[in-house]
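Notes for the one structure printed next.
Any read-out appearing in this document is the output of simple, stated calculations on the displayed coordinates, not a laboratory observation. Note that this is a predicted model, so its numbers are computed, not measured. Cβ coordinates were reconstructed from backbone atoms using ideal geometry, including for glycine residues, and neighbour counts include every protein chain displayed.
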Amino acid sequence: LHRAICCIPVTLALLSHASLLNSEDEPNSLPYAIRLSGPIGADGEQVVLDRGKGQSASGAALPPIIIRRQDLYSGDLDIEERTAHEKTSESWFDPKIGRPKRENKSIGRKGGPHAGLHVAPNKSDAKGRAEATAKHLNRFTGTGSFELKGNAVAMAGAPVILQGFEGAIEAVPLVSSVVTHTIVPEDGWTMTVEVETAEAAG
């Protein structure tokens, strides 16, 4: 027998922009978060955190998860180049002039704009979509998974620090997306830390 405890952050950026939230089965959607709150007795007490900021529900910084190469049972990390776009662009319909306008968010790289496919209902919503898309393009460029000895303070959303690895890999900013703790009486306590690249500055 063994017991696995899985910690997954439900982090919804730009909560007021309901059109950013996908179907009720999407793990990062508002309905999903509300359904999760009931079984844990948190009805009406949802706390919304910006993804990848490494903060607890109180706003305090989460302790980093330090992963040393010599402590690993297994591990894998795949890093890709960030998407080259100059900016994100989202359209919205202005009823005063009877035609669409656009809200843009600079990404700071060379390349064409990343344009949204759907027209937002208003300016505020379009701005939120552009900002959220820019963060997404700056963040999801690498994923990995590491298995090592269990650590009681390790949790999803915490920054991850690599030590003892060759090359420039230690300089890649990482954050834990999922932390699974597994307890097996015969073998002890292990954890699997799934990581993704943290949001890039600029």
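One table, with the values for the structure above:
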item: Spin-label model distance (nm) - residue 80 vs residue 97, 7 Å beyond Cα toward Cβ; result: 3.6
item: Ranking of 109, 99 by count of other Cβ atoms within 10 Å, fewest first; result: 99, 109
item: Calculated FRET value between residue 110 and residue 136, using beta carbons and R₀ = 22 Å, to 0.05; result: 0.70
item: Length released on extending from residue 73 to residue 165, taking residue separation times 0.36 nm less the Cα-Cα span; result: 31.7 nm
item: For segment 61-134 versus segment 163-202, the gap between their alpha-carbon centres in whole angstrom; result: 23
item: Mean projected area in nm² (Cα convex hull; one quarter of hull surface) for segment 72-165; result: 8.8
item: Net charge, residue 95 excluded, C-beta distance under 12 Å - Lys, Arg +1, Asp, Glu -1; result: +3
